1. Could you compute the net charge surrounding CYS161? Neighbours are other residues with a C-beta less than 15 Å from the C-beta of CYS161; K and R count +1, D and E count -1.
2. Take the solvent-accessible surface of the protein heavy atoms, probe 1.4 Å, and return the percent of it on region 1-119 that carbon and sulfur atoms account for.
3. Mind checking which lysines have their Cα closer than 18 Å to the Cα of LYS149? Skip sequence neighbours fewer than 8 apart in that chain.
4. Name the residues whose placed amide hydrogens come within less than 5 Å of the amide hydrogen of GLY243, ignoring near sequence neighbours (fewer than 5 apart) on the same chain.
5. In region 136-223, what percent of the accessible surface is made up of carbon and sulfur (1.4 Å probe, ligands and nucleic acids excluded)?
6. Rounded to the nearest 0.05, what FRET efficiency is calculated for SER193 and GLU246 with R0 set to 30 Å and r the Cβ-Cβ distance?
7. Which residue fluctuates the most in the chain, going by a Gaussian network model with Cα springs under 10 Å, if the choices are ASP204, ASP116, ASP11?
8. Name all residues of region 21-35 having a backbone nitrogen under 14 Å from the label point set 7 Å from the Cα of ASP61 along its Cα→Cβ direction, giving them as ranges.
Amino acid sequence: PPTIEITSTKDTVCPRELAFVSATAGAKSYKWYPQNAAYSPNTSSTLIDLTSSTNVIVEADFGCGQPISDTFFIYVKPSVQGSISNDTIICPGDTATLTASTNGTYSWINGPTDSDWLVSPKEDTEYSVRFENTRECPSFDQVWVRLSKPTVEAFGDTAVCAGQPVSVGARDAETYQWENGPATANWQLSVDSTSKLIVSGFNDLGCRAIDSVTVTVFNTPDLTPMSDTGACFTRFITLNAGGTAENYEWSTGSDSSSTVFQVLQARTVTLRTYNANGCEAFDTVFVDRYIPPKGSTDEDTSVCFGEVVNISAYGGDMYVWSTGD
């Protein structure tokens, strides 16, 4: 009767280390067991991938209708046991400390040996460590360091006149902090010059992202407030706008930098100025109507030559006599 025999390149392996096994040639068919460990379970030879010590069996049919078999024991050595830090999540730019321990030595792939590893990846990264000693098979373990990528979007780019209120906002973050501003998503403020407003957005891990909005400020007419004034009844008075502007509108109807009108009664004159960008400035001035003084001297009188006489007047703030007083 035919015989069958298994030969192997190895009888002792580490877990997942491949062994090449062969059976006596000449059979019409072959079956290797365990089938899930054999790369070619129906050929005369195959690679075997084992995770534990196992009897490798082959059944061969030489055409006699009675399969014959052989067994070959392959011992799988234990692997070094070790532990590694858990997967972790960090903010972009931060660092994570990878730790490991074992009863032998360990080395990080592309990293240090027998020491912690401080890493700061730019993207999600898997790090591997190798454990080994003189009695057991080397083993590997892996740890992931993932990045928590925060987002924030600022909105509200606009153009306003100096001193006008403006509203800006941010979204897509858990919490917010404006530079030199509030810790809120929205911010209403007044600006006097073109400004870049920066906001920080934080996610639930405290990771920070930044964005900004630009508020362009147009020049407003530069007005110096006019002082209240007045003139005597029927007199003409001239008012001059203080400062500079591109356009003027007086309530008197004038469209120049000054206005002239006759004082018939006390009135408030308003001035609107504006530039081509639409920015405005306003001023008002009160023009009083002065009333001529009323009063008279004493009645006409006669005196002797050389005699002193007193005459008086009233109703004015200043007086001028024909005598020179």
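1. Values: positive: ARG272; negative: ASP192, ASP222, GLU246, GLU280.
Taking every Cβ under 15 Å from that of CYS161, the sum is -3.
2. Working: 3290 of 6710 Å².
Of all accessible area on region 1-119, carbon and sulfur atoms account for 49 percent.
3. In chain and number order, the partners are LYS122.
4. Amide H neighbours of GLY243, under 5 Å, 5+ apart: THR224.
5. On the way: 2110 of 4780 Å².
For region 136-223, the apolar C and S fraction of the accessible surface comes to 44 percent.
6. Details: r = 19 Å, r/R0 = 0.65.
After rounding to 0.05, the efficiency reads 0.95.
7. Taking springs between Cα atoms under 10 Å, the residue moving most is ASP11.
8. 27-32
The values are calculated or read from the model by the stated rules, or taken from the named source; none is laboratory data. In this text the structure is predicted, and so the values were computed from the model without any measurement. Every residue, glycine as well, gets a Cβ built from its backbone with ideal geometry; the counts of neighbours run over all protein chains shown. Ligands, DNA and RNA are stripped out before the accessible areas are found, and what is left, the full protein with its side chains, is counted by its heavy atoms. Shrake-Rupley method; radii C 1.70, N 1.55, O 1.52, S 1.80 Å.
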